[in-house]
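The values are calculated or read from the model by the stated rules, or taken from the named source; none is laboratory data. Everything quoted here is computed from the prediction, not taken from an experiment. Here the Cβ positions follow ideal geometry from the backbone for every residue, glycine too, while neighbour counts run over all protein chains shown.
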């Protein structure tokens, strides 16, 4: 069978050798099977590889040139928006439909088990719906298992038994409230204490980051071991590498009226109040942002309005303040396991920020030079009649030595169909090889297909035309 692409090269004796695998770059291979071009890199463009290295599918690999691969990294800033109303969290103002395995206000890692409507804990459908998928690892000699399986449980399990996990993996924001403690008594707040070094690391940006110190003789900041604090945790799946400075915007509403607004206008992590109902508090610092770690730390306890309601979980009704901002249905008081539903009706908290994410891109230039890629394995590429007995029309079953029909041979003289159209009626144009390129396959150094690029419309390729295809791969 003829190769997919005819490069017009000599026999295997005068072909260059293949470079070692460790010196090769990713490959692009070019093959055309009915308009399909597959295209491998450190070799000069257009130099064919040895016959024994050709693509088994009939195509021929080419290598990218030195300047055909360009690597870049894009910096993006996706916007995030959360609404917290009566303890319920809404991400981007969207409510998950009934029966979804992803709760409202959460994101689903890898988008697994979307709308399967099954019991997550048992991996079985709650009704007649499709079962949930779940990870599993059989116990074997490799001693592989999940981190959630203790060493004791793993050792007691029989060989061949299966350890299972559960999907989906979801995440959403969480809030933690810590009440003030008397005097110098250190409260039980391990999450705050775990961030002590982080706070002190950022204190060169603002004195409000200082964990426990005074920054002037006349004004002293309370210790974060004892002061009243609201900690809002934002998982990194929402912001990527870090929260973009200057984009944090918190709004606190009551019955539709804005009671207060915080923004990190100075880009130094300080959350400064704007547009408050009580204007005397405007310009004050109500907390700080840990940009790289994804935390909002609110410490201001001044009243935002004269309304009285339950803004702090587990405590009597008080005036609204920033330490009562963002109470969720999973709010935790002093790191206890108690889950508290916000009793306030008509209060709305809005959290806005932009993240920072990096996307690596590789731009590839795949060349189709003149005189190449003008043969095809598509059956419509050749003239082919319905008669299999005619040796001039197509493949036959014929043994030339005995005359018996015992061997399959492909006729080497099958003519190629002339598809060149003439601008004149009843006139046939001179024969030219025409193919149509519709796909480009990208291969690694081990000839594994790793990507396929498609063009929106097949590109007509003649022997006197050359093309360069620009491909971009995000990863």
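Miscellaneous remarks
- Residue within segment 294-311 that is surrounded by fewer than 21 Cβ atoms within 10 Å (Cβ to Cβ) and more than 23 Å from residue 87 (Cα to Cα) present: no
- Output for segment 398-416, where each listed residue is surrounded by 13 or more Cβ atoms within 10 Å (Cβ to Cβ) and modelled with pLDDT of 70 or more: 414, 416
- Unmet criterion (only one of (1) within 22 Å of residue 178 (Cβ to Cβ); (2) modelled with pLDDT of 90 or more) for residue 240: (1)
- Note on segment 139-166: residues that are over 29 Å from residue 102 (Cα atoms), surrounded by 10 or more Cβ atoms within 10 Å (Cβ to Cβ) and touching a helix residue (DSSP H, G or I) at 6+ places or on another chain (Cβ under 9 Å) amount to 1.
- Here 360, 376 are screened, and the one residue that is in a loop (DSSP other than H, G, I, E, B), touching a strand residue (DSSP E or B) at 6+ places or on another chain (Cβ under 6 Å) and modelled with pLDDT of 75 or more is 376.
- Residue check for residue 82: within 23 Å of the chain's Cα centre (by Cα), at pLDDT 70 or above, in a strand (DSSP E or B) and more than 30 Å from residue 361 (Cβ to Cβ): no
- Verdict on residue 442 being surrounded by 16 or more Cβ atoms within 10 Å (Cβ to Cβ), modelled with pLDDT of 75 or more, under 23 Å from residue 369 (Cβ atoms) and over 27 Å from the mean Cα position of the chain (by Cα): no
- Unique match (being within 34 Å of the chain's Cα centre (by Cα), modelled with pLDDT of 55 or more and part of a loop (DSSP other than H, G, I, E, B)) among 419, 327: 327
- Only listed residue being loosely packed, with under 15 Cβ neighbours inside 10 Å and at pLDDT 60 or above, chosen from 338, 389, 383: 383
- Residue within segment 176-198 that is out of contact with any helix residue (DSSP H, G or I) (no Cβ under 9 Å at 6 or more places or on another chain), closer than 22 Å to residue 284 by Cα, loosely packed, with under 11 Cβ neighbours inside 10 Å and at pLDDT 85 or above present: no
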